[in-house]
């Protein structure tokens, strides 16, 4: 974190249209993601980790780096790191150490960050993600344990940014909160979809961390942070170009936008015969652009050395295997499994995922509904109502159990589709479960065959033309009579039953 | 390979220590002697010896994930050279030499 002066975007920054850049260059991306663990206490001391506490109320001699204080590793954080590694299909190191990363910056009072260097606890993994209907394998270089730094508030200067600040105010509550840093290998071969792939990968991490229960993964609170590296090489070349690292990319959407921006910027420089400067760049959400940060320090500037105050971590293989049992299915594997089990087409499944309906349909199926019917209700009636109310589907007003119950009533012949829609209205209006709405609104299909038979006979008498047509062999003509019966029954009849009665009476 | 005054100047820069040319020359000789001495020790150790970073052969010293009281904020801020809004006030951070 040692630094150089920040400069504004240089005027010679060129620019190339994204599609044109894609014709000329191959993109290589690399992603560094910091996940703040949700342990109750810090990585090396017993201070709490609550977000949003009053400044400097969660500190002690260890996380303030006072002389003579000694760190002790949080066992839960090690467990979380191993589980993250297993979820990323990494090998778990049988023996690894912490290291000091030395730098002078007031966000760490110790003047070093306790991290891992040459011996990460997790290494050599890969994950599969899906972007724009295509699957990509993201190779994971490592996932290592470290501690977060304090928070700086820059005072003075127009923007509240570090540039132009007169002084800074430090809050050390976050110093020492456990982090796992996940680093990919260079990701090649994603073509023009590179920004989408990066986004899909971070979305995968977010979902996986949430499923593991190891982090709150709130990007807006900084508990999931992403730095996006990108470089370009001329089509056909195998020599990696100079990369930039864009920081401060704090939403899934910004990851995609920041990478697109950097690709166009770098392509413009290269096409004009310039050289991309290896540097850190800052993403500005408002302007949708990146600006030059500090030039990238070489790794050896940090003078890493093994942390003498901590003994090595040597996970017992039996412990690792027990933790492996706790790893949830990967999102891509889950989608593949459910697509097959439910008999959906890939297109149907993509729509379901796009509508955030996967969990809802799964829960509805678990409550006893057929997958196709569950999809029909969630993607049809409920999606329509959620859209109209501008609500997420999960908040449309019906639970998966209620949808399963509704479908059960349809299959039992109690409701037809039209009545079912009225039941949905009732459930959303808070009138209770589907069966209660049926009882309360008197919506059940009329199964009194006497009443139905009488209505059929009246309709036949009123539609002699249709009767003649049916007798002439055109059964489609029955529609007019069925319609008349349904109207008389105010929709509370089963159309198939009515049809049978009509054909029987006429034939 | 002996240590050069340039190596030491670089280290001093990274460690934010200002050294005069005289100090630099003196320290270069001293540090070089230390490295040589370590080399002597290293060459007397059998090559199959595993390097170690710790005097104890302990591993997996963990504590349970339990919160204990932090320091009172007044005590923490009493250590700060300057305080504003319950935070440590520090000089502006950037615009140091590269």
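The values are calculated or read from the model by the stated rules, or taken from the named source; none is laboratory data. None of these values were measured; they are calculated from a predicted model. Positions of Cβ are generated from backbone atoms using ideal geometry, with glycine treated the same way; all protein chains shown enter the neighbour counts.
If residue B:10 meets every condition in (1) surrounded by 14 or more Cβ atoms within 10 Å (Cβ to Cβ); (2) within 18 Å of the chain's Cα centre (by Cα) apart from one, which number is that one?
(1)
Just the residues that are on the phi < 0 side of the Ramachandran plot and either within 12 Å of chain B (Cβ to nearest Cβ) or assigned to a helix (DSSP H, G or I) (or both), please, taken from region A:48-57.
Those that are on the phi < 0 side of the Ramachandran plot and either within 12 Å of chain B (Cβ to nearest Cβ) or assigned to a helix (DSSP H, G or I) (or both): A:48, A:49, A:50, A:53, A:54, A:55, A:57.
Are any residues in region A:72-97 closer than 30 Å to residue B:89 by Cα and more than 8 Å from every other protein chain (Cβ to nearest Cβ), and if so, which ones?
Selection gives nothing.
If only one of B:63, B:68, B:16 is at the interface with another protein chain (Cβ under 8 Å from one of its Cβ atoms), closer than 26 Å to residue A:99 by Cα and exposed (fewer than 11 other Cβ atoms within 10 Å of the Cβ), which one is it?
Within the list B:63, B:68, B:16, the selection yields B:16.
What's the number of the only condition in (1) surrounded by 18 or more Cβ atoms within 10 Å (Cβ to Cβ); (2) more than 21 Å from the chain's Cα centre (by Cα); (3) modelled with pLDDT of 95 or more that residue A:72 fails to meet?
Failing condition for residue A:72: (1).
Determine which member of the set B:53, B:44 is facing chain A (nearest Cβ under 7 Å) and over 22 Å from residue A:63 (Cβ atoms).
Matching residue, one of B:53, B:44: B:53.
Among (1) within 14 Å of chain B (Cβ to nearest Cβ); (2) at pLDDT 95 or above; (3) surrounded by fewer than 16 Cβ atoms within 10 Å (Cβ to Cβ), where does residue A:305 come up short?
Of (1) within 14 Å of chain B (Cβ to nearest Cβ); (2) at pLDDT 95 or above; (3) surrounded by fewer than 16 Cβ atoms within 10 Å (Cβ to Cβ), only one is false for residue A:305: (2).
Looking at the structure I just gave you, is residue A:390 assigned to a loop (DSSP other than H, G, I, E, B) and either assigned by TED's automatic domain parsing to the domain that holds residue A:477 or under 23 Å from the mean Cα position of the chain (by Cα) (or both)?
yes
Go through region B:29-79 and count every residue that is over 24 Å from the mean Cα position of the chain (by Cα) and touching a residue at least 12 places away in the same chain (Cβ under 8 Å).
Count: 1.
Would you check which residues across region A:108-117 are more than 9 Å from every other protein chain (Cβ to nearest Cβ) and over 13 Å from residue A:302 (Cα atoms) and list them?
A:108, A:110, listed by residue number.
With the checklist (1) assigned to a helix (DSSP H, G or I); (2) in contact (Cβ under 8 Å) with a residue 60 or more places away in the chain; (3) more than 18 Å from residue A:177 (Cα to Cα) in hand, flag the one item residue A:85 doesn't pass.
(2)
Filter the strands (runs of 3 or more DSSP E) completely within region A:100-204 down to those with at least 2 residues that are free of Cβ contacts under 8 Å to residues at least 60 places away in the same chain and crowded, with 17+ Cβ neighbours inside 10 Å.
A:112-115, A:122-131, A:134-147, A:151-155
Of (1) within 14 Å of chain B (Cβ to nearest Cβ); (2) surrounded by fewer than 18 Cβ atoms within 10 Å (Cβ to Cβ); (3) more than 27 Å from residue A:241 (Cα to Cα), residue A:277 satisfies all except one. Which?
(3)
Does residue A:241 qualify as being away from chain B (no Cβ under 14 Å) and surrounded by fewer than 18 Cβ atoms within 10 Å (Cβ to Cβ)?
Answer is no for this residue.
Testing residue A:213 on (1) away from chain B (no Cβ under 14 Å); (2) in contact (Cβ under 8 Å) with a residue 40 or more places away in the chain; (3) within 26 Å of residue A:173 (Cα to Cα), one condition comes back false. Which one is that?
Among (1) away from chain B (no Cβ under 14 Å); (2) in contact (Cβ under 8 Å) with a residue 40 or more places away in the chain; (3) within 26 Å of residue A:173 (Cα to Cα), residue A:213 violates only (1).
So for region A:301-309 (the condition being in contact (Cβ under 8 Å) with a residue 24 or more places away in the chain, in contact with a strand residue (DSSP E or B) (Cβ under 9 Å, 6 or more places away or on another chain) and in a helix (DSSP H, G or I)), does at least one residue qualify?
yes
Given the options A:60, A:45, name the one that is out of contact with any strand residue (DSSP E or B) (no Cβ under 9 Å at 6 or more places or on another chain), part of a loop (DSSP other than H, G, I, E, B), more than 30 Å from residue A:241 (Cα to Cα) and within 10 Å of another protein chain (Cβ to nearest Cβ).
Matching residue, one of A:60, A:45: A:60.
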